[in-house]
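Colleague: This is the structure, below, for whatever I ask next.
What follows draws every value from the coordinates through simple rules; no lab data is involved. This structure is a prediction, so every number in the text was calculated from the model and none was measured. All Cβ positions, even for glycine, are placed from backbone atoms using ideal geometry, and neighbour counts span all protein chains on display.
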Amino acid sequence: MNRRDFLTRSSAAVLAVSLSPNLSPLAAAEPAAAATPVSLTYPFALEPLPYAYNALEPHIDEATMKLHHDKHHLAYITNLNAALKDHPELHTLTVEQLLRKLADLPPTIQTAVRNHGGGHLNHRFFWHIMRAPGVEGAGAEPKGELAAAIVAEWGSVEKMKTAFNDAATKVFGSGWAFIEADVKTKKLSIATKPNQDSELFSADRVGLLACDVWEHAYYLNYQNRRADYLKAWWNVVAWDVVARNYAAAKA
Ligand SMILES: [Fe+2]
């Protein structure tokens, strides 16, 4: 079984038991938020958050989460579906598959799929690597193999956070910061992307963690203080999910 088959099959199993939304190796750590099947292909649909809108307070406020999930994420899905509407030959593809073959898509929809497909993929991942602070270790330190890999790369968890925050702060305008693992070496690295470009569909790297640094992710509470948002954001990182993503980073 190659890696893509593994991811597809394992994700299908995950979906069956937990409604976890990812075909990338996001682990099935969250409780099912609803009993509604989620489509992984066209028409894409907005999955409920896996926790209450106010669950991430005081670090991320309820109003931000409502707007971010119910309006911004929904808009990406709506626009992605609109772009694909007249292309039935693409309706069996997951968002990861669409993004992988972006250059082969009809030119008239490439930009829409890049922006809105990427937006859907990034946000779907983002909701699930956060959890209410203190619940099942959210906000605590990473452990085990993941912690060892972080220390090997950056010297300490704190130094990793400093490097990540520095990179995320420097994203000009809107974008994302990621921690990813090479599937062959399992070596960790930090990556940033502009707009809704994603690191979550690569064939040779697995995204472990992603932070949204669009202003819509923090402006109501933090205004222009992205650095304060980033500092607070670590308090809601679900390290057990990140660790399972790392464990899945195998060629
Ligand atoms: Fe966002």
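Colleague: Using mean Cβ contacts within 10 Å as the protection proxy, how do 65-76, 124-135, 171-182 order, highest first? Write out the running numbers ahead of the final one.
Modeller: Values: 65-76: 17.3, 124-135: 21.0, 171-182: 19.2.
Ranking, from highest mean packing down: 124-135, 171-182, 65-76.
Colleague: Further, regarding this structure: From the phi of every residue in segment 197-203, what ³J(HN,Hα) in whole Hz does the Karplus formula 6.51 cos²θ - 1.76 cosθ + 1.60 yield, where θ is phi - 60° and glycine or proline is x?
Modeller: In residue order, the calculated couplings are 4, 10, 9, 9, 10, 5, 7 Hz.
Colleague: What does the charge add up to near M160, with Lys and Arg as +1, Asp and Glu as -1, over the other residues with Cβ less than 12 Å from its Cβ?
Modeller: Its environment carries a net charge of -2.
Colleague: Taking 0.36 nm per intervening residue step and subtracting the Cα-Cα distance, what contour gain separates E62 from H216 on full extension?
Modeller: Taking 0.36 nm per residue and subtracting the Cα distance, the gain is 54.2 nm.
Colleague: For a Förster distance of 45 Å, can you work out the FRET efficiency between the beta-carbons of E89 and T169, rounded to the nearest 0.05?
Modeller: 0.60
Colleague: Based on the Cβ-Cβ distance from K159 to D70, what FRET efficiency comes out when R0 is 41 Å, to the nearest 0.05? Kindly include the intermediate steps, with their values, before the conclusion.
Modeller: Numbers: r = 36 Å, r/R0 = 0.89.
For K159 and D70, the calculated efficiency is 0.65.
Colleague: Once the Cβ-Cβ distance between K101 and K143 is put in as r, and R0 is 41 Å, what FRET efficiency do you end up with, to the nearest 0.05?
Modeller: Values: r = 37 Å, r/R0 = 0.91.
Approximately 0.65, to the nearest 0.05.
Colleague: Once phi is turned into ³J(HN,Hα) by the Karplus curve 6.51 cos²θ - 1.76 cosθ + 1.60 with θ = phi - 60°, what whole-Hz value does each residue of segment 232-241 show in order, with x for glycine and proline?
Modeller: Those phi angles translate into 6, 4, 4, 6, 10, 6, 8, 5, 5, 5 Hz.
Colleague: Taking a ≥ b ≥ c as the square roots of the eigenvalues of the Cα gyration tensor of segment 154-251, is the shape rounded (a/c under 1.5), prolate (a/b larger than b/c) or oblate?
Modeller: Cα axes put segment 154-251 in the prolate bin.
Colleague: Here is a further query. In whole angstrom, how far apart do the alpha carbon centroids of segment 36-64 and segment 132-198 sit?
Modeller: Each part reduced to its Cα centre gives a spacing of 22 Å.
Colleague: Can you list residues from other chains, or at least 5 along the same chain, whose modelled amide H is less than 5 Å from the amide H of V213?
Modeller: G175, W176, A177
Colleague: Follow-up. Calculate one ³J(HN,Hα) per residue across segment 54-64 by plugging θ = phi - 60° into the Karplus curve 6.51 cos²θ - 1.76 cosθ + 1.60, and present them in order as whole Hz with x for glycine and proline.
Modeller: Per-residue couplings from phi come out as 9, 5, 9, 5, x, 7, 10, 7, 4, 4, 5 Hz.
Colleague: Considering amide H positions built from the backbone, and no H for Pro or chain starts, which residues 5 or more places from L208, or on another chain, come under 5 Å of its amide H?
Modeller: Sorted by chain and number, the residues that satisfy this are I179, E180, A181.
Colleague: Continuing with this model, one more query. Roughly what would the spin-label model give for E136 and A82, points 7 Å off Cα along C-beta, in nm?
Modeller: About 3.6 nm separates the two model spin labels.
Colleague: Arranged from highest to lowest average of other beta-carbon atoms within 10 Å per residue, in what order do the peptides 237-249, 152-164 appear?
Modeller: On the way: 237-249: 22.2, 152-164: 14.8.
With the highest mean Cβ count within 10 Å placed first, the list reads 237-249, 152-164.
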